[in-house]
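Notes follow the structure.
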Amino acid sequence: QVQLVESGGGLVQAGGSLRLSCAASGRTFSSYAMGWFRQAPGKEREFVATISWSGARTYYADSVKGRFTISRDNAKNTMYLQMNSLKPEDTAVYYCAAGSFGRSEGRYDYWGQGTQVTVSS
């Protein structure tokens with residue numbers, strides 16, 4: 001079993017930055033690809049970014065490409081999402097997930113509780 005705990009969300013002005021963290025329990029973290037998803041008010045949950053188990057491969061949604069960076073530190077059982085040049089449309093609950101590399105929710109087996117990111121204009 002993998003337990004994921006997210007942190008780093010908050011309120012920022014447009015153009016600002018935040019770094020989200022996702023800490024995993026146990027010793028199986030490095031066996032999983034990881035991903036970030038988000039759900040804006042009144043919208044379905046959407047893919048943001050994913051990273052392979054080794055960190056060698058990453059993939060981003062077009063909406064965040066060039067602004068967000070996904071990374072992981074397996075020695076610390078932690079994944080990160082660095083978010084720069086934030087826009088009001090980035091406002092959402094952000095979810096950490098563990099599973100298989102890809103953009104589909106169905107490829108992920110474990111999910112965090114979500115953390116709120118609010119970007120003011």
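Do the conditions hold for ASP62, that is, is it acidic (Asp, Glu) and either closer than 27 Å to SER31 by Cβ or touching a strand residue (DSSP E or B) at 6+ places or on another chain (Cβ under 7 Å) (or both)?
Details: acidic (Asp, Glu): yes; either closer than 27 Å to SER31 by Cβ or touching a strand residue (DSSP E or B) at 6+ places or on another chain (Cβ under 7 Å) (or both): no.
So ASP62 does not fit the description; no.
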Against the definition (among the aromatic types (Phe, Trp, Tyr) and closer than 23 Å to PRO88 by Cβ), how does PHE68 come out, yes or no? yes
Within the range 72-95, restricting to residues that are closer than 14 Å to GLY10 by Cα and over 13 Å from the mean Cα position of the chain (by Cα), the one that is least open to solvent (accessible area, probe 1.4 Å) is LEU86
Of the residues in the range 57-71 that are closer than 20 Å to ALA40 by Cα and of a type in the set (Val, Ile, Thr), the one that is surrounded by the fewest Cβ atoms within 10 Å (Cβ to Cβ) is THR69
Going through the range 96-119 in order, the residues found to be open to solvent by 40 Å² or more (accessible area, probe 1.4 Å) and of a type outside the set (Asp, Glu) are SER100, PHE101, ARG103, SER104, GLY106, ARG107, TYR110, TRP111, GLN113, GLN116, THR118
Note on the range 53-75: residues of a type in the set (Gly, Ala, Ser) and part of a loop (DSSP other than H, G, I, E, B) are SER54, GLY55, ALA56, ALA61, SER63, GLY66
Of those in the range 4-49 that are under 17 Å from GLY106 (Cβ atoms) and in a loop (DSSP other than H, G, I, E, B), the residue least open to solvent (accessible area, probe 1.4 Å) is TYR32
Listed by first then second residue, the pairs whose first member lies in the range 22-45 and is under 13 Å from THR91 (Cα atoms), whose partner is basic (Lys, Arg) and modelled with pLDDT of 95 or more, with beta carbons under 6 Å and at least 6 positions apart or on separate chains, are PHE37/ARG45; GLN39/ARG45
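The values are calculated or read from the model by the stated rules, or taken from the named source; none is laboratory data. Just so you know, these numbers come straight off a predicted model, no measurement behind them. Neighbour counts are summed over all protein chains in view; Cβ atoms, including those assigned to glycine, are modelled from backbone coordinates with ideal geometry. For the accessible areas, the whole protein counts, side chains as well, though only heavy atoms, and no ligand, DNA or RNA atoms are used. Shrake-Rupley method; radii C 1.70, N 1.55, O 1.52, S 1.80 Å.
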